[in-house]
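Participant: After the structure tokens below, expect a handful of questions from me.
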Amino acid sequence: MAHDEIVDHYSALARQAAAGRTVAGCGQDAFERGRFGAARYDELGTLPEAAVRASLGCGDPVAVAELREGEVVLDLGSGGGIDVLLSARRVGPHGRAYGLDASTDMLTLARRNAEQAGVRNAEFLHGTIEHVPLPDRSVDVVISNCVVTLSGDKAAVLAEAFRVLRPGGRFGVSDLVAEDGASGRERLAAGRRSGCAAGALTVAAYRRLLAAAGFTGVRVTLTAGHGDGVHSAIVQAVKPGAGPGVEIRPMREEDAGQVLAIYQAGLDTGQASFETLAPGWEDFTAARLPHLRYVACDPGAGGVLGWVAAAAVSARPVYAGVVEHSVYVHPGCQAHGIGRALLSAFVAASEDAGVWTIQSGVFTENAASLALHQALGFRVVGVRRRVGCHHGVWRDVLMIERRSAVAGI
């Protein structure tokens, strides 16, 4: 369905719920079998009846969101407000729960439900999940219940979720997904049966879009099956943590000048590499994997503070999960935890991508780099003595690696 058709459909359901009628957003049979709707929840006793009737999701995202007192949570596609009301109670009076919906009828119903429930720390916003009307880095947790699947631009939805989350913020949604082997025909068949599955991403596609948005720690847990390889699922991810005033995000082409300047500054110290001159952007990007590149930036000023990237060690399939990385921090920003934040995000992203070994070389004199890597699980596996002459001095290089405990086992 097109966006306007989806809004009209759910607006009609909101009016039905407000009138006291039972509603089903997908196939009635799926609701009757407990695959969708309020049957997925364990804590409904204190909620207004209309909020329960208007529950149209495929899970209970609040149950896995690990909400804490004082947090700010955003529900994408909040409908009648059931997840917002449950979230508001969990974050307590010093926290806040936002609900976002494109249907004014759903917003009217949700606000009425919040008033009846006596919930004062909830706010319902009108807008689309592709264009969230909240500032950057303003929420701690993003949840959603079977709504991302309805969007025609899921990449934009996930990019917006990343934007509004604070560093270290969490993404936890219930959604429909398709098994990686499910064909388009099978997904269409499931969609015809349930009325909800036509827009389901495959698990691999969901993971790729989350990674492209900048998320790490991606987990997709299948729950109820709907036939033809389509499932309800819990999808979880994390926005990389960083220090105050710092954000870790994927490297972009517009970062090129600052990335290369930081690279050159590191080379100028004589402790980073045998290289003495940073390459041009075309050579830099051609030599590195397109998906494991991150920058630390000052989101206010827009400046890049550091970067991390990886290259494949071999084209042979047996080494598909082995990469060599580099991490560089602006000389004016060292000893502020930026290198650690970058490397932590890189390690998490590499494991998401199935990398089982990260390796690199460090000059024996570069004690700070060695300490950083050892703190994040790297170990010295050998020394290449007098392996190269650098500025007239023969240098030893420590070979370091990190073997994943979760990827490639």
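Participant: Just one of G354, G377, G321, G339 is in contact with a strand residue (DSSP E or B) (Cβ under 6 Å, 6 or more places away or on another chain), surrounded by fewer than 21 Cβ atoms within 10 Å (Cβ to Cβ) and not aromatic (F, W, Y); which is it?
Facilitator: Answer to the check: G377.
Participant: Which of the residues belonging to the stretch 152-170 are closer than 14 Å to L209 by Cβ, within 10 Å of the chain's Cα centre (by Cα) and in contact (Cβ under 8 Å) with a residue 60 or more places away in the chain?
Facilitator: Once the filter is applied, which keeps residues that are closer than 14 Å to L209 by Cβ, within 10 Å of the chain's Cα centre (by Cα) and in contact (Cβ under 8 Å) with a residue 60 or more places away in the chain, the stretch 152-170 yields A161, F162.
Participant: Could you name every one of the strands (runs of 3 or more DSSP E) located completely within the stretch 190-309 that has at least 3 residues being among the hydroxyl-bearing types (S, T, Y)?
Facilitator: The qualifying strands (runs of 3 or more DSSP E) are 216-225.
Yes or no, residue by residue, for (1) touching a strand residue (DSSP E or B) at 6+ places or on another chain (Cβ under 6 Å); (2) basic (K, R); (3) more than 22 Å from Q16 (Cα to Cα):
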position	(1), (2), (3)
L85	no, no, no
D105	no, no, no
N113	no, no, no
A122	yes, no, yes
L125	yes, no, no
E130	no, no, yes
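Participant: Does A63 count as modelled with pLDDT of 90 or more, within 26 Å of A200 (Cα to Cα), surrounded by fewer than 24 Cβ atoms within 10 Å (Cβ to Cβ) and of a type in the set (A, V, I, L, M, F, W, C)?
Facilitator: In short, no.
Participant: Can you tell which of L267, L292 is farther than 29 Å from G354 by Cβ and in the same structural domain as C389 (by TED's automatic domain parsing)? Please lay out each step first, then the result.
Facilitator: Working: L292 fails: farther than 29 Å from G354 by Cβ.
Just a single option satisfies the conditions, and that option is L267.
Participant: Is the stretch 375-392 home to any residue that is touching a residue at least 24 places away in the same chain (Cβ under 8 Å) and part of a helix (DSSP H, G or I)?
Facilitator: yes
Let's see how each residue does on (1) free of Cβ contacts under 8 Å to residues at least 24 places away in the same chain; (2) in contact with a Lys or Arg (Cβ under 8 Å, 6 or more places away or on another chain); (3) β-branched (V, I, T):
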residue	(1), (2), (3)
G227	no, yes, no
A237	no, yes, no
M251	no, yes, no
Q258	no, no, no
G266	no, no, no
D283	yes, no, no
A287	no, no, no
A301	yes, no, no
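The values are calculated or read from the model by the stated rules, or taken from the named source; none is laboratory data. Keep in mind that this is a model prediction, so the values were computed, not measured. Cβ: placed from backbone, ideal geometry, glycine included. Neighbour counts: every protein chain shown.
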